[in-house]
1. Do we find that Pro185 is farther than 15 Å from Leu245 by Cα, more than 16 Å from the ligand (Cβ to nearest atom) and modelled with pLDDT under 95 in this structure?
2. In the range 190-216, which residues are crowded, with 16+ Cβ neighbours inside 10 Å and over 21 Å from Gly240 (Cβ atoms)?
3. Return a yes/no flag: does the range 219-231 have any residue that is open to solvent by 10 Å² or more (accessible area, probe 1.4 Å), hydrophobic (A, V, I, L, M, F, W, C) and assigned by TED's automatic domain parsing to the domain that holds Thr116.
4. Right, Glu295: closer than 30 Å to Asn97 by Cα, modelled with pLDDT under 95 and among the charged types (D, E, K, R) or not?
5. For Thr372, which of the numbered conditions (1) surrounded by 14 or more Cβ atoms within 10 Å (Cβ to Cβ); (2) more than 19 Å from Asn251 (Cα to Cα); (3) in contact with a Leu (Cβ under 7 Å, 6 or more places away or on another chain) fails to hold?
6. Limited to the range 119-161, what total is found for residues that are among the aliphatic types (A, V, I, L, M), under 14 Å from the mean Cα position of the chain (by Cα) and away from the ligand (no atom under 16 Å from the Cβ)?
7. Working only within the range 258-291, note down all residues that are assigned to a loop (DSSP other than H, G, I, E, B) and hydrophobic (A, V, I, L, M, F, W, C).
Amino acid sequence: MEQMSLHIRRRVDCTVAREMRWQVASEFGAIDLSINLSRSEKDPKAIAAAKKLPQSGYPRCALCHENEGCRGTLRRSPFTLEGETWYLQYSPYVYYNEHCILLSAAHTPMKISKETFLRQLAFVTELPHYFIGSNADLPIVGDSILSHDHMQGGRYVFPMERAQIEIPLSFDGYPGITGGIVRWPMSVLRIRGRDRDALAALAARILSAWRGYTDESAVIYAETDGEPHNTVTPICRRRGEDYELDLVLRNNLVTEEHPLGLYHPHAELHHIKKENIGLIEAMGLAVLPARLKGELEAVAECILKDLELTAMPETEKHAAWAESFRGKYSFTPANVMEILKGEVGNVFVRVLSDAGVFKTDAAGRTAFLRFTDRIAQRI
Ligand SMILES: [Zn+2]
């Protein structure tokens with residue numbers, strides 16, 4: 001493990017230069033943002049289409065073990081979880097410290113289940129200084145690769161981990177487990193305790209209740225036309241001797257008004273972020289497209305020279321946003337980029353709010369508690 005850590009640290013050193021990174025204060029605590037200059041923007045529509053492709057044949061699955069090396073030269077090490085073989089490798093993207101990927105040895109689709117929770121709990125038993133999370137198993141709210149089960153971990157404290165419990169809950173039949181609704185723009189149920197089996201059982205019960213949950217008044221439908229919509233993005237970590245699971249409730253409903261997803265960044269935010277909100281972003285680290293660096297510099301130039309933002313294609317898409325705060329600040333060459341990065345942070349919080357199935361206002365919290373009343377008691 002130590003050796004692998006050293007190996008990755010050298011990679012981090014050479015990757016950092018390819019990234020802009022900053023923090024923005026928000027009502028939910030400090031939020032992390034990054035613009036990854038070596039990664040292209042992914043189209044949510046193309047990802048949804050890829051899941052429908054046959055699971056064998058060309059192109060080969062990049063995550064399958066026999067294709068090790070296709071995406072670079074990073075080594076994979078076998079890692080046994082709950083009696084199954086998985087492979088651990090460090091990510092070629094290095095979005096955060098010691099960013100690693102755990103790959104199922106078998107080419108099986110992403111599926112969140114009780115086994116997922118048990119594997120995650122087993123992983124942080126072996127590596128207590130790492131968190132482990134999984135993307136959801138449905139298009140729009142999940143990862144770009146849904147055809148091969150995998151998880152992501154690392155040694156990094158995400159903003160969500162720092163977020164506190166807003167509404168404490170207790171769970172009948174699980175006396176050793178505490179938890180509640182987390183003060184976070186996405187909808188997170190947190191459970192914590194020492195007993196792995198009890199935690200996995202409760203998480204499975206919450207997942208099952210959520211998968212079948214419909215609340216028309218909150219525009220949540222378990223399914224439409226036989227297509228399931230509800231799932232979770234699970235994250236597991238240690239808190240001293242305790243284990244902690246964060247279950248981010250997800251729903252991938254599309255509507256006429258929001259064809260990319262009702263609980264997905266809405267159209268007016270796509271100039272900053274239109275990609276799916278996966279595990280890393282749900283936890284509060286924005287991974288923004290490389291194009292944004294040049295575009296923000298162009299917006300800065302327009303503002304400093306008092307030019308119309310609608311004049312150029314790279315600034316036009318940002319015009320309404322920039323005009324909304326242009327009068328609020330006195331811009332100088334020294335502060336303009338810092339101000340823009342701060343405003344991008346505000347947009348990212350709205351991105352996360354759009355992805356939240358229950359909003360953080362009073363009506364949203366009331367709706368959230370209608371769901372938790374099925375599985376928990378308010379303290
Ligand atoms: Zn595969």
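1. no
2. Those that are crowded, with 16+ Cβ neighbours inside 10 Å and over 21 Å from Gly240 (Cβ atoms): Ala201, Ala204, Arg205, Ile206, Leu207, Trp210, Tyr213.
3. Yes; the residues of the range 219-231 include at least one that is open to solvent by 10 Å² or more (accessible area, probe 1.4 Å), hydrophobic (A, V, I, L, M, F, W, C) and assigned by TED's automatic domain parsing to the domain that holds Thr116.
4. no
5. For Thr372, the exception is condition (2).
6. Qualifying residue count for the region: 7.
7. Leu260, Leu262, Ile272, Ile277, Met283, Ala290
Here's the yes/no breakdown for (1) modelled with pLDDT of 95 or more; (2) open to solvent by 40 Å² or more (accessible area, probe 1.4 Å):
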site	(1), (2)
Leu63	no, no
Glu66	no, yes
Lys111	yes, yes
Glu115	yes, yes
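The values are calculated or read from the model by the stated rules, or taken from the named source; none is laboratory data. In this text, all values refer to a predicted model and were calculated from it rather than measured experimentally. Every residue, glycine among them, receives a Cβ derived from its backbone with ideal geometry; neighbour counts consider all protein chains shown. In case anyone asks, the SASA skips ligands and DNA or RNA and just uses the protein heavy atoms, side chains included. Shrake-Rupley method; radii C 1.70, N 1.55, O 1.52, S 1.80 Å.
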